[in-house]
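K.L.:
One structure, pasted below without further comment.
The values are calculated or read from the model by the stated rules, or taken from the named source; none is laboratory data. None of these values were measured; they are calculated from a predicted model. Positions of Cβ are backbone-derived with ideal geometry, glycine not excepted, and every protein chain shown enters the neighbour counts. These area figures cover heavy atoms from the full protein model, side chains too; ligands, DNA and RNA do not enter into them. Shrake-Rupley method; radii C 1.70, N 1.55, O 1.52, S 1.80 Å.
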Amino acid sequence: ESFRPRLEHQGFRLEVELPADLPLVQGDTAALSQCVLNLLDNAMKYSRNRREVRVLAAVRADGAGAPQAVAVSVADRGIGISPRDQKSIFEKFVRIETGLVHAVKGAGLGLSLVDQIMRAHGGRIELKSAVGEGSTFTLVLPAVRGAEATRPEPQAQAAS
């Protein structure tokens, strides 16, 4: 939601689908938020006329139906990434040579940082993309299991 005004100011339509019953994940809130913000920023930078961004969270379950992971996807309808470039974009200082590369500011560190943060949290980043159709980057984090998965009760604040 903190990124919505920036997207809307640039003429983007933002669709968000976040189920209320997602399992908990364990991690650094600021670092994981930065991952999502980086993906939103890239979606905005690498879109031309089709200014649509979709954020979707979902549970990935194991064969028995138990929550195994939480997947948060950021999908755009931008320029897309060719299959030969899809692995290298997660390397440091890599910027794909497209018609937009000179118009878009950046050092080529964002996706490398997202990849490192996800791996540090026991997760991963996935990419599905087609040139001219857009890209979907998905952050996959392991769900917390057992007693740790219980949401803490809100603490009543004492009046002073």
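K.L.:
If residue 23 satisfies all but one of (1) over 26 Å from residue 80 (Cβ atoms); (2) surrounded by 14 or more Cβ atoms within 10 Å (Cβ to Cβ); (3) modelled with pLDDT of 95 or more, what's the number of the condition it fails?
P.N.:
(3)
Yes/no matrix, rows are residues, columns are (1) open to solvent by 70 Å² or more (accessible area, probe 1.4 Å); (2) at pLDDT below 65; (3) farther than 25 Å from residue 18 by Cβ:
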position: 64; (1), (2), (3): yes, no, no
position: 68; (1), (2), (3): yes, no, no
position: 79; (1), (2), (3): no, no, yes
position: 82; (1), (2), (3): no, no, yes
position: 96; (1), (2), (3): no, yes, yes
position: 103; (1), (2), (3): yes, yes, yes
position: 108; (1), (2), (3): no, yes, yes
position: 112; (1), (2), (3): no, no, yes
position: 116; (1), (2), (3): yes, no, no
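K.L.:
Report, by residue number, each residue of segment 1-35 that is in contact with a Leu (Cβ under 6 Å, 6 or more places away or on another chain) and assigned to a loop (DSSP other than H, G, I, E, B).
P.N.:
Result: 3, single match.
K.L.:
For segment 1-32, give me each residue that is in contact with a strand residue (DSSP E or B) (Cβ under 9 Å, 6 or more places away or on another chain) and charged (D, E, K, R).
P.N.:
Passing the criteria: 1, 4, 8, 13, 15, 17, 21.
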